[in-house]
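Input: a single structure, listed below in structure tokens.
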Amino acid sequence: MRLSTKGRYGVKSMLDLALHDGEGPVALKSIAERQEISENYLEQLFATLKKAGHVNSVRGAQGGYMLAHSPENITIGSILRALEGSLAPVDCVIEDEPNRCSKSDKCVTKIVWEKIRDKVNEAVDSITLADLVEEYKKANPDDAYIYYI
């Protein structure tokens, strides 16, 4: 299984929002600059993330986006599924709408695909944005010190 840029950039931009949680709305332009992602592409991603209930938008000159829930309550799995759809490795084991083939009743490899799907979902659902924020702070201790002059 390979994630598209939607999933990768979506997780990066949601982590960026989580790192600025509590500071008010964050402009997409700021995220785009920090993460080196096209602002136009981010607009598309954030429209989907807003529809999924992960972010809220604030209009106006001081507007931008904020997390709709605390970082502890947003899993990486929910972000990825909002942007990528099912994380199933093959169509015949998609959770809500499996694509049955003519051999599905006798297919023994389906067990493999189901186990892969379940383990991937288990892994990404066990990690929250708060976990990533904590890891980011461990890896970047100097970023914790912001000096204002």
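Computed from the coordinates by the stated procedures, all read-outs in this text should not be read as laboratory data. Here the structure is a predicted model, which means the values were calculated and not measured. In this analysis, Cβ positions are derived from the backbone assuming ideal geometry, glycine residues included, and neighbour counts consider all displayed protein chains.
Angle check, please: helix 5-19 long axis (alpha carbons) against the longest principal axis of the chain (alpha carbons), in degrees 0 to 90, nearest 10. For 5-19 against the chain, the angle is about 40 degrees.
Give the label of the value calculated from the structure for percent of Cα pairs over 26 Å apart, choosing from (1) 46; (2) 18; (3) 35. Answer label, from the structure shown: (3). Which one, His20, Val93, Ala130, is farthest towards the positive end of the dipole of the chain when Lys and Arg carry +1 and Asp and Glu -1 on their Cβ? Of the listed residues, the answer is Val93.
When the Gaussian network model of the chain links Cα atoms closer than 10 Å, the mean-square fluctuations of Arg59, Arg117, Arg81 top out at Arg59.
Note down the magnitude of the dipole of the chain about its Cα centre, charges +1 on Lys and Arg C-beta and -1 on Asp and Glu C-beta and zero elsewhere, to the nearest 20 debye.
Numbers: 19 positive and 23 negative charges, 116 e Å.
Value, rounded to 20: 560 debye.
For the range 118-133, the Karplus equation 6.51 cos²θ - 1.76 cosθ + 1.60, evaluated at θ = phi - 60°, returns couplings of 5, 5, 5, 4, 4, 5, 6, 7, 8, 10, 10, 4, 4, 4, 5, 4 Hz by residue, with Gly and Pro reported as x. Please check which bits of the range 43-70 a label hung off Ser4 would reach, taking the label as a point 7 Å along Cα-to-C-beta and the cut-off as backbone N under 12 Å. Residues passing the 12 Å test: 45.
Projecting the Cα atoms of Gly77, Thr109, Ser57 onto the charge dipole of the chain, computed from C-beta unit charges around the Cα centre, puts Thr109 farthest toward the positive end. When the GluC sites (Glu not before Pro) in the range 1-67 are filtered for DSSP coil states and for at most 13 other beta-carbon atoms within 10 Å of their beta-carbon, the remaining sites are Glu23, Glu36.
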